[in-house]
Amino acid sequence: AQGIPLLSYPQVLKMISADKYTIAVSGMHGKTTTTAMVSRMMKQCGLHPTTVVGSIMKDTGSNFLAGDSKYFVVEADEYRRSFHNLSPKVLVITNIDEDHLDYYKDIDDIKDAFHELAMKVPADGAIICNPEAPYVGEVIEGAVAPIINWAHHLADVPSLLVPGTFNRENAACAFALGRHLDLHRKEIEDSLASFGGTWRRFEYIGKTMTGALVYDDYAHHPTEIEAVLSTAREEFGTKKIYVVFHPHLYSRTKLLLHDFARSLARKDMEIGRASCRER
């Protein structure tokens, strides 16, 4: 009514991405942590990127970092194909899985969305992914950009503060990107080794009055739940572990119900649940 332009979040990202060297981190799992790892690594190596990530980065206390360089590091959200608004020079694909089935028809529809994004990466850019991972090889077929396999850098990942196999995979993605940008190997290693995580990603909250350790994790997909619970068991050995699961979206819970049941059907943990509400 006042003649003020109204733009959605993806539309604003499109404006920022258009004239920047955009590094888009996509994937169904791990993209928040990987984006934060990449941002911190680049900043510590002197590239000073502008960053938008889907959680709170502990280094900045925000989901945003204002940089003063050409680089734009952004978490590329697949929901409703919003990542198609981006113009990636480098595309990172952590993995591909079934999710957002309230919007996507099936896994083929999801693969089509990722394929369209991969086709946007120019020949002088790069796609960092694991072509051997489920669905990824199909998604990058026909891409003009060089393919860099992050799995080849798993052995390069230093000892991390953040636990879990999935975090080593996230770090391998960041490592592969760092080498593509010609960052010094030692600086990459130091940055990854000191990375302290992000908000609600296996985040240590504190102790109860009886001394039980409390962790919070945003895992809201069966694959993520399996990864987090396996990490907890690896971290704490034979200690008793209680898990409280709070469903995220009734639509996701309904569509992936059997997979949720499978991921939570662990005999080595006490499983409880919180009420599921969606405003």
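The values are calculated or read from the model by the stated rules, or taken from the named source; none is laboratory data. No experiment lies behind these values; they were computed from the predicted model shown. FYI the Cβ positions are ideal-geometry reconstructions off the backbone, even for glycines, and counts take in every protein chain you see. In case anyone asks, the SASA skips ligands and DNA or RNA and just uses the protein heavy atoms, side chains included. Shrake-Rupley method; radii C 1.70, N 1.55, O 1.52, S 1.80 Å.
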Output the residues belonging to region 1-46 that are open to solvent by 60 Å² or more (accessible area, probe 1.4 Å) and of a type in the set (Lys, Arg).
Lys14, Lys20, Lys43
Of a type in the set (Val, Ile, Thr) and surrounded by 20 or more Cβ atoms within 10 Å (Cβ to Cβ) - does that describe any residue in region 165-185?
no
Just the residues that are part of a loop (DSSP other than H, G, I, E, B), surrounded by fewer than 15 Cβ atoms within 10 Å (Cβ to Cβ) and among the hydrophobic types (A, V, I, L, M, F, W, C), please, taken from region 191-211.
Met209
Report yes if some residue within region 88-100 is assigned to a helix (DSSP H, G or I) and open to solvent by less than 50 Å² (accessible area, probe 1.4 Å); otherwise report no.
no
If a residue has to be more than 14 Å from Glu98 (Cα to Cα) and open to solvent by 40 Å² or more (accessible area, probe 1.4 Å) to count, how many in region 217-230 make the cut?
4
With the condition kept exactly as written, say whether any residue in region 110-119 is touching a residue at least 24 places away in the same chain (Cβ under 8 Å), among the aliphatic types (A, V, I, L, M), part of a loop (DSSP other than H, G, I, E, B) and open to solvent by 60 Å² or more (accessible area, probe 1.4 Å).
yes
Assess whether Arg252 counts as being of a type in the set (Lys, Arg), touching a His at 6+ places or on another chain (Cβ under 8 Å) and part of a helix (DSSP H, G or I).
yes
Search region 1-30 for residues that are over 13 Å from His84 (Cα atoms) and assigned to a helix (DSSP H, G or I) and pair each with any residue that is at pLDDT 95 or above and of a type in the set (Val, Ile, Thr) when their beta-carbon atoms are under 9 Å apart and the residues are at least 6 apart or on different chains.
Ile16/Thr22; Ile16/Thr50; Ile16/Val52; Ile16/Val74
The one condition Val214 fails out of (1) in contact (Cβ under 8 Å) with a residue 24 or more places away in the chain; (2) open to solvent by 20 Å² or more (accessible area, probe 1.4 Å); (3) not in a loop (DSSP other than H, G, I, E, B) is (1)
For region 259-277, give me each residue that is over 27 Å from Asn170 (Cα atoms) and out of contact with any helix residue (DSSP H, G or I) (no Cβ under 7 Å at 6 or more places or on another chain).
Lys267, Glu270, Gly272, Arg273, Ala274, Ser275, Arg277
When you look at Ile188, is it assigned to a helix (DSSP H, G or I), farther than 17 Å from Gly164 by Cα and not aromatic (Phe, Trp, Tyr), yes or no?
yes
Being in contact (Cβ under 8 Å) with a residue 60 or more places away in the chain and either under 12 Å from Met269 (Cα atoms) or surrounded by 19 or more Cβ atoms within 10 Å (Cβ to Cβ) (or both) is the filter here; which residues of region 231-249 pass it?
Thr231
